[in-house]
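Taking it in order: structure first as structure tokens, then the write-up.
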Amino acid sequence: MLARPGLPDFEYMKAESAQDVFHLLKEKGNEVKLLLGGTDLFVQMRDRNESAGILLDLKYLPGMKDISYDKKTGINIGAAVTLNQISAHPDVKKHFQILSQAANTVGNYQLRNRATLGGNICNASPSADMAPAALVLEGEVSLSGPDGERMLALDQFWVGPGKTALKECEFLTAVHFPNPPSGAVGRYLKLGRSKMGDLAIVGVAVLGYPDPEVPAGIRFRIGINSTAPTAYRVPQVEELLAQAPLNDELLRQASEEAMKISAPIEDVRATALYQKKMVNNLTFKGLKEVWSQLINS
Ligand SMILES: Cc1cc2nc3c(=O)[nH]c(=O)nc-3n(C[C@H](O)[C@H](O)[C@H](O)COP(=O)(O)OP(=O)(O)OC[C@H]3O[C@@H](n4cnc5c(N)ncnc54)[C@H](O)[C@@H]3O)c2cc1C
């Protein structure tokens with residue numbers, strides 16, 4: 001096999017203000033690539049899927065590495081917060097446990113020291129591990145552009161593999177997660193080819209919480225990755241689970257519905273049929289674990 005050619009030459013610049021970013025993006029357009037940890041970007045540049053004359057490092061902009069929790073409004077996580085910081089942060093562990101679980105499944109410890117939440121989200125990979133957990137927590141991205149800041153729900157941010165709703169000259173500054181409903185319990189289950197750190201063949205996040213208003217007494221949110229052009233929720237399945245008393249049969253029926261909705265493509269990691277069956281298995285396992293935790297708590 002031929003040796004890979006290595007990284008192409010590029011210029012490195014450190015952004016000191018949001019104005020720097022808008023200005024450079026306006027002036028140089030596609031020649032500029034935004035950099036956080038670089039664990040996706042450098043691989044794409046090495047493989048010549050991305051080219052960049054200038055790498056503009058956003059890590060040192062004010063607020064990009066901050067985590068702030070408010071018991072009324074939820075948590076704000078700066079785009080440059082690393083996945084190890086997320087998995088270890090006391091407020092994340094206490095109130096947004098499923099984020100911490102998801103962060104811990106990404107690659108390996110060394111990678112997670114560099115890899116950031118913002119990078120995972122902006123890379124818009126269908127298999128991004130933070131995506132299903134972020135969807136069930138109903139996260140919103142905070143985007144900064146020349147016309148100001150705007151918030152956008154994550155399910156509208158991903159528009160296809162590697163594609164986001166970022167407008168020209170915009171960049172991600174933070175991700176906001178509202179407090180989950182009272183008593184919520186979450187579980188992220190990931191299947192990869194190896195436990196030593198691999199992209200997801202399938203990942204399923206399940207969040208459940210008591211809701212006396214529905215016949216089931218519990219509501220579930222389900223987020224799935226790797227089996228469609230973007231990570232997604234399955235509202236039809238969530239509704240099915242809410243509208244009847246819970247039992248194993250209903251959980252199985254719901255998991256099969258999730259499997260039917262999934263639309264994986266054959267790739268190097270697994271066949272489409274295997275991925276579909278694993279959506280069924282992981283959804284059932286996740287629902288069962290969350291349900292038993294809720295009824296035993
Ligand atoms: C060995 C290895 C194993 C991996 N394993 C996993 C895994 O198990 N699960 C998983 O989900 N991922 C995995 N990844 C992918 C990667 O590590 C993660 O997606 C990581 O979170 C990316 O974060 P980063 O800070 O390194 O992003 P970067 O590489 O810096 O950026 C990613 C993309 O986002 C853009 N970008 C960066 N910041 C912004 C911004 N503020 N606004 C707009 N666009 C921006 C960049 O231009 C680039 O296109 C792996 C990668 C490697 C190399």
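Which of the peptides 194-201, 37-44 is most tightly packed, and how do the rest follow, judged by the mean count of other Cβ atoms within 10 Å per residue?
37-44, 194-201
Quick check on the exposure proxy: order ILE121, ILE54 from fewest to most C-beta atoms within 10 angstrom. Working shown, then result.
Numbers: ILE121 22, ILE54 15.
By the 10 Å Cβ count, ascending, the order reads ILE54, ILE121.
Based on Cα positions only, what radius of gyration and what Dmax would you give for segment 11-57, in angstroms?
So, for segment 11-57, Rg and Dmax equal 10.5, 31 Å respectively.
Determine the gain in length on full extension of the stretch ASP198-HIS23; use 0.36 nm per residue of separation and subtract their C-alpha separation, reporting nm with one decimal.
That works out to 59.3 nm of additional length.
Mean Kyte-Doolittle hydropathy of 0.0 or higher plus an axial Cα length of 27 Å or more: which whole DSSP H helices in the chain meet both?
none
Please list, or write none, the lysines whose alpha carbon is within less than 17 Å of the alpha carbon of LYS71, excluding same-chain residues fewer than 8 places away.
LYS93, LYS94
Suppose we flag GluC sites (Glu not before Pro) only when DSSP calls them loop and at most 13 other Cβ atoms lie within 10 Å. Which is the longest uninterrupted stretch of the chain?
Answer from the scan: 17-167.
List the lysines whose alpha-carbon lies under 21 Å from that of LYS276, not counting same-chain residues fewer than 8 positions away?
LYS190, LYS195, LYS260, LYS285, LYS288
For segment 185-295, what is the Kirkwood hydrodynamic radius in Å, using each pair of distinct C-alpha atoms?
For segment 185-295, the Kirkwood estimate is 14.0 Å.
Applying the Karplus parametrisation 6.51 cos²θ - 1.76 cosθ + 1.60 with θ = phi - 60° to the phi angles of segment 197-203, what ³J(HN,Hα) value in whole Hz is obtained for each residue in order, glycine and proline being reported as x?
Those phi angles translate into x, 8, 5, 6, 6, 8, x Hz.
How far, in nm, would the chain grow between MET151 and ILE265 when pulled straight, counting 0.36 nm per residue and subtracting the alpha carbon separation?
Gain in length upon complete extension: 37.9 nm.
Throughout, read-outs are computed from the coordinates displayed, never taken from laboratory work. What you see is a predicted model; the values in this text were computed from it and never measured. We place every Cβ from the backbone using ideal geometry, glycine too, and count neighbours over all the protein chains shown.
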